[in-house]
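**Q** Please read through the structure below; I'll follow up with questions.
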Amino acid sequence: MKNILVVGDFLYGSGLTRFILDTFSKIDKSKIKIDVLNISGSHEMDEEIREIGWNMYYIFPANQGLKKHLKEFKLFLKSYGHKYDAIHFNYSALWNFMPILYAKKYNVKNIVMHSHNTYFSNVSSKKYVMFVLNILHKIGRKIVEKSCSGFFACSEDAAEWFYSKRIIKSSRMKIIKNGINLGNYSFDQKTRDYMRSEMNLEGKFVVGHIGVLESRKNQEFLIKIFKEVLDKRGNAVLLLIGEGSLKSKYKELVKSLGIEKSVFFLGIRNDIEKLLQVMDVFVFPSVTEGFGIVLVEAQASGLICLSSKNVPKEAFCTDLVYPISLRYPSKWVEQILKIPGDYDRHLNKNEINLRVYDINKTARDIEDFYLALN
């Protein structure tokens, strides 16, 4: 039996949290015992964690007090680190590298780093803050190379953000695809008809987007191009799924453009697979993206997708995706206007390309890695 400690934020609506819960819960419990370490301080996911059967420990969040965060991390690993065959860090950046050093100091047998992004999750408007974070991230890259025995990334771009060329070229670095339950997203006409009726969207051309309402997801760009689409396609509506600090700002933008009746802020939802059925096009204009799992989910539902070229190419797994530069908003508008209101959503030849994103395969890849550890 291998004992693994998985570190994550465990926040409701977090893509990283969803990856951990969906993937690690499919690992064989008779072979691998998983404990999780919550570094956000949130208790939002406690019930779901208990249902899976994991023990969850808590560390004071770094953004509320870095000194206390590091002290609690140090004490936890000093007391319990020796129990684990591996600690699996799920990070978006490496500025907070001290826990890695603590894990090494207190005899965690294997330290695994998993890169889930291509830039800092939260960008500060203060230049000096970003300057310091960049320096710390570069130091963290060196520490990871010297301290870790396993190197994971959700995409090649995410690997380059975390690791040196030497690590990337080595056999120790593995791209772990963010898997999904493919069967849950298969197009179903009855579900589409029912949901569109329930949401009063019959006869509408539905533009959809899923993502945290933050600048890196670029919803301001989306709202502005949607206004141009609406001017030429009066039955268009925009569904924005997600929460974030910029929600009020985006609502004001919608109001100032006079399109309140056509833009719907749906918040965090647990029925994404059904909402994708409702849409006619999925638009994903991210400025930065570690991978873009929702883009894979949209393709699995047979949706035509427009994506920023900044999204890692691994997420372009079918011919349903049209990558477009963010420098040309008019091209986004033109492409959306070309999409018919109804088209064949069955995957056919695209289905085989999506099979590599089967979450069961992702879980087996991680399980095999841990079972091979000394």
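**Q** Please find, among Glu260, Glu314, Glu289, the residue that is open to solvent by 10 Å² or more (accessible area, probe 1.4 Å), among the charged types (D, E, K, R) and over 19 Å from the mean Cα position of the chain (by Cα).
**A** Checking each option against the conditions leaves just Glu260.
**Q** Restricting to the stretch 176-185, name every residue that is farther than 15 Å from Leu276 by Cβ and open to solvent by 60 Å² or more (accessible area, probe 1.4 Å). Spell out how you get there, then give the answer.
**A** Step one: list which residues in the stretch 176-185 are farther than 15 Å from Leu276 by Cβ, which gives 176-179.
Of everything in the stretch 176-185, just one residue is farther than 15 Å from Leu276 by Cβ and open to solvent by 60 Å² or more (accessible area, probe 1.4 Å), namely Lys177.
**Q** What pairs come out if I take residues in the stretch 128-154 that are closer than 15 Å to Asn90 by Cα and pair them with residues that are open to solvent by less than 10 Å² (accessible area, probe 1.4 Å) and in a helix (DSSP H, G or I) whose C-beta lies under 6 Å away, six or more apart or interchain?
**A** Short answer, once both residue conditions are applied: Phe151/Ile167; Ala153/Ala159.
**Q** Can you tell me which residue is nearest to Ile4 (Cα to Cα) among those in the stretch 34-50 that are part of a helix (DSSP H, G or I) and in contact (Cβ under 8 Å) with a residue 24 or more places away in the chain?
**A** The selected residue is Ile49.
**Q** Another question, then. How about the stretch 79-104: which of its residues are in a helix (DSSP H, G or I), closer than 16 Å to Glu145 by Cα and either among the hydrophobic types (A, V, I, L, M, F, W, C) or without any contact (Cβ under 8 Å) to a residue 24 or more places away in the chain (or both)?
**A** Once the filter is applied, which keeps residues that are in a helix (DSSP H, G or I), closer than 16 Å to Glu145 by Cα and either among the hydrophobic types (A, V, I, L, M, F, W, C) or without any contact (Cβ under 8 Å) to a residue 24 or more places away in the chain (or both), the stretch 79-104 yields Met98, Ile100, Leu101, Ala103.
**Q** Suppose we keep only residues that are touching a residue at least 24 places away in the same chain (Cβ under 8 Å) and more than 13 Å from Asp280 (Cα to Cα) within the stretch 331-340. Which one would you say is surrounded by the most Cβ atoms within 10 Å (Cβ to Cβ)?
**A** Step by step, filter the stretch 331-340, then rank; the result is Trp332.
**Q** Regarding the stretch 186-208, can at least one residue be identified that is at pLDDT below 95 and either buried (at least 17 other Cβ atoms within 10 Å of the Cβ) or of a type in the set (Lys, Arg) (or both)?
**A** no
**Q** Right, another one. Sort out which residues of the stretch 51-78 are open to solvent by 50 Å² or more (accessible area, probe 1.4 Å) and either in a helix (DSSP H, G or I) or without any contact (Cβ under 8 Å) to a residue 12 or more places away in the chain (or both), and write them in order of number.
**A** Glu51, Asn63, Gln64, Leu66, Lys67, Lys68, Lys71, Glu72, Lys74, Leu75, Lys78
The values are calculated or read from the model by the stated rules, or taken from the named source; none is laboratory data. Fair warning: this is a prediction, and the values are worked out from it, not measured in the lab. In this analysis, Cβ positions are derived from the backbone assuming ideal geometry, glycine residues included, and neighbour counts consider all displayed protein chains. Note: areas computed on protein heavy atoms with side chains; ligands, DNA, RNA excluded. Shrake-Rupley method; radii C 1.70, N 1.55, O 1.52, S 1.80 Å.
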